[in-house]
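Notes follow the structure.
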Amino acid sequence: MAAGKTKKQFIMSAGKDNPVFAQILGICSTLAVTNVVENTVVMCLGVIFVLACSNFTVSLIRKWIPGSIRMMVETLIIAAFVIIVDVVIQATLPGVSRQLGPFVGLIITNCIIMGRAEAYALNNPPLPSFIDGIASGVGYSYVLLIIAVFREITGSATFWGYDIPWFSDWWTNWSIMVMAPGAFFALAILIWIIKTYVVPEDPGGK
Amino acid sequence: MKTNLVKERIFTVFFMVAVTFVAITLVGIVDIVTAESVERNRGLFLRQAVADAFGIAEHDSIQELLDWYEEFVTEIRDDDDVPDHFWVRNQEGEENLVLIYRGSGLWGGITAFVGFEADGKTIRGVNFQDHVETPGLGARIDERWFRRQFVGKYGPFEELRSEPDDKDNLTKDNQAFHQVTGATITSESVKTIMNRSLERAEMLFSER
């Protein structure tokens, strides 16, 4: 029963309530890091970790957080986990860290994380909050990865930095796809496809 | 009633201080644990950039790179104790120069490591570090063909040519290089960086 509920919650958070295409949250990083798949994967792992840990921690102390300072506390918790991610990436993946530059630090301002802490973790027990964090992170990640794969292949004719056999030789790079406007186009097309064919909006909904 | 309000406020301040303390302690512990790796990575990047600008593309192992650096490179630091340029001895005992030039690109700074032959003007190699140029466009200045085209030239660079399809057939013109398609501003920045580096190399050799 509990497993079924968890599964349903996971599917809802990553699917119908997806932070990117349903709630349109976290768009800035969607635009910034999705021109190369490798950077996107690292960014996604960072966001999943921060989302899950900050949701769990906020939920753990939710009964004691004074209402007047709750957003300061949430920001502090999120910032601490983001700095940990940043330092660990610098220590273990220095090349990727240099390419991502300030974007890892900017996870602090990713509205998905604060949004889930406010909307979910403050009102639910730690374990479901943790699962909600992972689910929201996974939902954010697969949208970003779809966009990143499309942008890197069309914009640079490569995948994960490597030439693609039978493709890279003849393909003319779409330069706009590696720039921010290309991310807007790719995201808009993806949201349009998903909202039209995969998760159509309820016409009777308010 | 008033006492409750005071208690509530004291608790709020105490809670914030406690959360801050825990968060800072946690971050501090992770920072201390990873500090050595982060510092080692920074050092390796610097040494690899110097080797690359000197014309050694790769060493067989990290230890070999460290040994080479230790034996052949003299690091000169500026007034702020930051590495500024390097005198690199080759097998013949000649002193070559690798200098660091910090210029500006499209979105931010570009740090270039430029290597020169012992004659003080012929370029041995170039390596670009710490830039935030657009991936897929300006960031392609990192590609080997782009950096390789400066080797053996002594500028000053005045002409930017279009990017060729055949990267093995690049211009031999001393005062020209091929730009990256779609990255005109970055390519212009590289031109400025290379010309300023040439001037600086001349100055450093004359002062020596």
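Treat every Asp and Glu Cβ in chain A as -1 and every Lys and Arg Cβ as +1, leave all other atoms uncharged, and give the resulting dipole magnitude about the Cα centre to the nearest 20 debye.
On the way: 12 positive and 11 negative charges, 145 e Å.
Here chain A has a charge dipole of around 700 debye.
With axes computed from alpha carbons, what is the tilt in degrees of helix A:2-14 against the longest principal axis of chain A, rounded to the nearest 10 within 0 to 90?
50 degrees
Express the C-alpha Rg of chain B as a ratio against the empirical globular expectation 2.2 N^0.38 Å, rounded to two decimals.
Details: Rg = 23.7 Å, N = 208, 2.2 N^0.38 = 16.7 Å.
Here the answer is 1.41, to two decimals.
Would you work out what percent of the accessible area of the protein assembly as shown, with all protein chains in place, is carbon or sulfur (probe 1.4 Å)?
Details: 13450 of 21790 Å².
So the carbon and sulfur contribution to the accessible surface is 62 percent.
Between 0 and 90 degrees, rounded to the nearest ten: what's the tilt of helix A:37-60 against the longest Cα principal axis of chain A?
It is inclined by approximately 0 degrees.
About the Cα centre, and with charges only on the beta carbon of Lys, Arg (+1) and Asp, Glu (-1), how big is the dipole of the stretch B:111-208? Nearest 20 debye, please. List each step's numbers first, then the result.
Working: 14 positive and 17 negative charges, 43 e Å.
That gives the stretch B:111-208 a dipole magnitude of about 200 debye.
Magnitude of the Cβ-charge dipole of chain B, K/R +1 and D/E -1, about the Cα centre, nearest 20 debye? The partial results should precede the final answer.
On the way: 23 positive and 37 negative charges, 219 e Å.
Dipole size: approximately 1060 debye.
What percent does the relative contact order of chain B come to when contacts are Cα pairs within less than 8 Å and at least six residues apart?
Details: 303 pairs, mean separation 29.6, N = 208.
Reported as a whole number, the value is 14 percent.
Excluding ligands, DNA and RNA, what is the accessible area buried between chains B and A, summed over both sides, using a 1.4 Å probe, to the nearest 100 Å²?
Details: alone 12740 and 11150 Å², together 21790 Å².
Counting protein atoms only, the buried area is about 2100 Å².
How large is ³J(HN,Hα), in whole Hz, for each residue of the stretch A:116-127 in order, when computed from phi with the Karplus curve 6.51 cos²θ - 1.76 cosθ + 1.60 and θ = phi - 60°, using x for Gly and Pro?
Taking θ as phi minus 60°, the curve returns 6, 4, 6, 7, 10, 5, 5, 10, 9, x, x, 5 Hz for the stretch A:116-127.
Give a quick list of trypsin sites (Lys or Arg not before Pro) in the stretch A:38-91 that DSSP marks as loop, anything other than H, G, I, E or B, with at most 11 other Cβ atoms within 10 Å. Show your work: numbers first, answer last.
Working: sites: A:R62, A:K63, A:R70; in loops: A:R62, A:K63.
Hits after loop and neighbour filter: A:K63.
Name the residues whose placed amide hydrogens come within less than 5 Å of the amide hydrogen of B:T122, ignoring near sequence neighbours (fewer than 5 apart) on the same chain.
Placed amide hydrogens put B:E117 under 5 Å from B:T122.
Output needed for the protein assembly as shown: three equivalent-ellipsoid semi-axes, defined as square roots of 5 times the C-alpha gyration tensor eigenvalues, in descending order, whole Å. Kindly include the intermediate steps, with their values, before the conclusion.
On the way: eigenvalues 449, 167, 55 Å².
Here the semi-axes work out to 47, 29, 17 Å.
Could you work out the relative contact order of the stretch A:18-198? I mean the mean sequence separation of Cα pairs under 8 Å and 6+ apart, divided by the number of residues, in percent. Can you show the working numbers first?
Values: 228 pairs, mean separation 64.6, N = 181.
Relative CO of the stretch A:18-198 lands at 36 percent.
Taking a spot 7 Å from the Cα of B:K121 along the direction of its beta carbon, which residues of the stretch B:139-153 have an amide N less than 18 Å from it?
B:150-153
Once you have all Cα-Cα distances for the stretch A:1-119, histogram them in 10 Å bins from zero and send the whole-percent values.
Reading the bins upward from 0: 13, 40, 34, 13, 1.
What number comes out for accessible area per residue over chain B if the probe is 1.4 Å? Units Å², please. Before the final figure, lay out each step's value.
Details: 11680 Å² over 208 residues.
With the other protein chains kept in place, chain B gives 56 Å² per residue.
Please name which of A:I134, B:L198, A:V104 has its Cα lying farthest along the dipole of the protein assembly as shown towards the positive end, using unit charges on Cβ (Lys, Arg +1; Asp, Glu -1) and the Cα centre as origin.
A:I134
If you consider only alpha-carbon coordinates, what radius of gyration and Dmax does the stretch A:37-180 have, in Å?
Expressed in Å, the Cα Rg and Dmax of the stretch A:37-180 come to 17.8, 61.
Just to confirm the number: angle between the C-alpha axis of helix A:70-92 and the first principal axis of chain A, 0 to 90 degrees, nearest 10?
On a 0 to 90 degree scale, this one is about 40.
Place a point 7 Å from Cα of A:D163 in the direction of its Cβ. Which residues in the stretch B:132-161 have their backbone N less than 20 Å from it?
Those under the cut-off are B:136-149.
Go ahead and estimate [θ] at 222 nm for the protein assembly as shown from helices alone: -39,500 (n - 2.57) per DSSP H run with n ≥ 4, summed, over the residue count, rounded to 500.
On the way: 12 runs with 221 residues, N = 414.
Value at 222 nm, helices only, nearest 500: -18000 deg cm²/dmol.
The values are calculated or read from the model by the stated rules, or taken from the named source; none is laboratory data. Predicted, not measured: the structure shown is a model, and the values here were computed from it. Note that each Cβ is placed from the backbone with ideal geometry, even for glycine, and that neighbours are counted across all protein chains shown. Side chains included, ligands, DNA and RNA excluded: accessible areas come from the protein's heavy atoms. Shrake-Rupley method; radii C 1.70, N 1.55, O 1.52, S 1.80 Å.
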